[in-house]
Amino acid sequence: MSDAAGTQQLFTEYYGHAPVGVWSAPGRVNLIGEHTDYNDGFVFPFAIAERTWVALGDRADRVIRVATSFAPDPVEIHLDDLAPHAVDGWAAYPLGVAWALGRFGADLGHVRGVDLFITSDVPVGAGLSSSAALESAVALALDEHWGLGLDRPTLAKVGQLAENEVVGAPTGILDQSASLLSEPDSAVFLDCRSLDAEVIPLHFTAEGLSLLVIDTKVTHAHATGGYAARRASCEAGARGLGVSSLRDLDVDDLDRARAVLDDETFRRVRHILTENRRVLDTVRTLREQGPGAIGPLLDASHASMRDDFEITVPEIDLAAATAQANGAVGARMTGGGFGGSVIALVADDRVAELTAAVRAAFAEHGFGEPVIFTEQASAGARRDA
Ligand code: GLA
């Protein structure tokens, strides 16, 4: 278990002097709104309790050195040498952020270098955005330390640019926005076109509900294959329908879409248009009836990802179906897909039964053991020390 004090201590042991501060940022669960972000649509994520910490120390020269508790070798680079292809592996995230800050107006020609030490307890490969947690913690730390004064929506774009250009994953703005804008017991209703964000209370705990994460341990690979292919299908669908993005359409356009597009592209488009509608319906239902009433929307979102967008895998579908059949208010895959985690909203007194049912179903199918835990909607990125 990492924390701010532990990260501070590891920094001091590693570099032989104390850091000037410690910052942290969380991973995220997306409650609903999947693959809508890069279509200028709606998303509704919240920060999880697991975080990534970064301790930062000043340097007299213009070198950035970064070390972590999860990789053996530190990486260092001169600020003048930062470029999209200058770094790879895990260091592409923190150093990509440093480069991206320059692209958003930071004058990196005049700042001093820094030492960074990073720890994290956000599960990697679980679809919970360990990458955005790392990017957001580093972005906030460097912004404050260098006195850049960028606001949080801009820092989210910085993280996204690092991910797109340096890491090489064509992802949207969902994860970094969740990590930077979240507040406890709330989710962020984000319009990915205008970037207008509204923090909306969830009240899961007050309503006697638990949010379970079922990590199937099946790992995804964003940078390759499926994610990029889905993004390309959405762009093809928009082109075929004569709009700049699928955000310009809604469910009333589906008949026309069916007439114009090939079947596969039509189903990709149908997922996006119905998912945008489900995000809006979830926000409204939550406000008017409370969290106990959003279950059918979560279930419908899962079916759409499974049947229309085709980004689920057998372990994920089994987890969602078993949760739905064993008392969940609603259940769906969260994140980019092709593995990762299912979330299930469930009454507190049914958590044990549901957990046992999912474990039994996985064993029966010969699937590897899932990791199942409850999550709390938590605070976004912040300075800890
Ligand atoms: C990943 C990406 C996000 C988003 C989701 C799918 O998490 O990083 O930008 O596209 O997949 O909703």
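The values are calculated or read from the model by the stated rules, or taken from the named source; none is laboratory data. For clarity, every value in this text was computed on a predicted model and none was experimentally measured. Every residue, glycine among them, receives a Cβ derived from its backbone with ideal geometry; neighbour counts consider all protein chains shown. To get the accessible areas, we keep the full protein, side chains included, count just its heavy atoms, and leave off ligands, DNA and RNA. Shrake-Rupley method; radii C 1.70, N 1.55, O 1.52, S 1.80 Å.
Residues that are surrounded by fewer than 23 Cβ atoms within 10 Å (Cβ to Cβ), at least 2 per element: which helices (runs of 4 or more DSSP H) completely within the range 101-215 meet that?
Here the list reads 130-145, 152-161.
Restricting the first residue to the range 152-173 and requiring it to be on the phi > 0 side of the Ramachandran plot, which pairs with a second residue that is open to solvent by less than 40 Å² (accessible area, probe 1.4 Å) meet a Cβ separation below 9 Å and a spacing of at least six or different chains?
Every condition considered, the pairs that remain are Gly168/Pro84; Gly168/Ala92.
Of Val54, Val22, Val43, which residue is more than 16 Å from the ligand (Cβ to nearest atom), under 21 Å from the mean Cα position of the chain (by Cα), in the same structural domain as Gly147 (by TED's automatic domain parsing) and crowded, with 23+ Cβ neighbours inside 10 Å?
Sole residue among the options that is more than 16 Å from the ligand (Cβ to nearest atom), under 21 Å from the mean Cα position of the chain (by Cα), in the same structural domain as Gly147 (by TED's automatic domain parsing) and crowded, with 23+ Cβ neighbours inside 10 Å: Val54.
Given (1) out of contact with any Pro (no Cβ under 9 Å at 6 or more places or on another chain); (2) of a type outside the set (Val, Ile, Thr); (3) open to solvent by less than 50 Å² (accessible area, probe 1.4 Å); (4) modelled with pLDDT of 95 or more, where does Gly336 come up short, assuming only one miss?
(4) is the only condition that Gly336 fails.
In the range 80-129, what residues are in contact with an Asp or Glu (Cβ under 6 Å, 6 or more places away or on another chain) and farther than 17 Å from Ser69 by Cα?
The answer is Pro84, Val97, Gly113, Ala126, Ser129.
Mind checking which strands (runs of 3 or more DSSP E) fall wholly inside the range 328-385 and carry at least 3 residues that are farther than 30 Å from Ala137 by Cβ and of a type outside the set (Lys, Arg)?
The strands (runs of 3 or more DSSP E) meeting that bar are 328-334.
Could you list, in sequence order, the residues of the range 184-197 that are over 15 Å from the mean Cα position of the chain (by Cα) and in contact (Cβ under 8 Å) with a residue 60 or more places away in the chain?
Correct list: Pro184, Asp185, Ser186, Asp191, Arg193.
Does the range 60-70 contain at least one residue that is within 15 Å of the ligand (Cβ to nearest atom) and not in a loop (DSSP other than H, G, I, E, B)?
For the range 60-70, residues within 15 Å of the ligand (Cβ to nearest atom) and not in a loop (DSSP other than H, G, I, E, B): absent.
Filter the range 261-305 for residues that are free of Cβ contacts under 8 Å to residues at least 12 places away in the same chain and under 19 Å from the mean Cα position of the chain (by Cα) and give the result.
none
Identify all residues within the range 25-40 that are within 11 Å of the ligand (Cβ to nearest atom) and either assigned to a strand (DSSP E or B) or over 15 Å from the mean Cα position of the chain (by Cα) (or both); write none if there are none.
Gly27, Arg28, Val29, Asn30, Asn39
Failed condition for Val87, given (1) β-branched (Val, Ile, Thr); (2) at pLDDT 95 or above; (3) buried (at least 21 other Cβ atoms within 10 Å of the Cβ), with all others met?
For Val87, the failing item is (2).
Pull up the range 237-280, narrow it to residues that are outside any helix (DSSP H, G or I) and touching a helix residue (DSSP H, G or I) at 6+ places or on another chain (Cβ under 8 Å), then point me to the one that is surrounded by the most Cβ atoms within 10 Å (Cβ to Cβ).
Leu249
So which residues in the range 75-84 are open to solvent by 50 Å² or more (accessible area, probe 1.4 Å) and outside any helix (DSSP H, G or I)?
Selection gives Glu76, His78.
Here is a check on your reading of the model: is Glu364 modelled with pLDDT of 95 or more, open to solvent by 40 Å² or more (accessible area, probe 1.4 Å) and within 16 Å of the ligand (Cβ to nearest atom)?
no
Report every pair of residues separated by at least 6 positions or lying on different chains whose Cβ atoms are under 9 Å apart, first residue within the range 306-332 and more than 10 Å from Ala344 (Cα to Cα) and open to solvent by 20 Å² or more (accessible area, probe 1.4 Å), second outside any helix (DSSP H, G or I) and aromatic (Phe, Trp, Tyr).
Thr312/Phe338; Val313/Phe338; Pro314/Phe367; Glu315/Phe367; Leu318/Phe367
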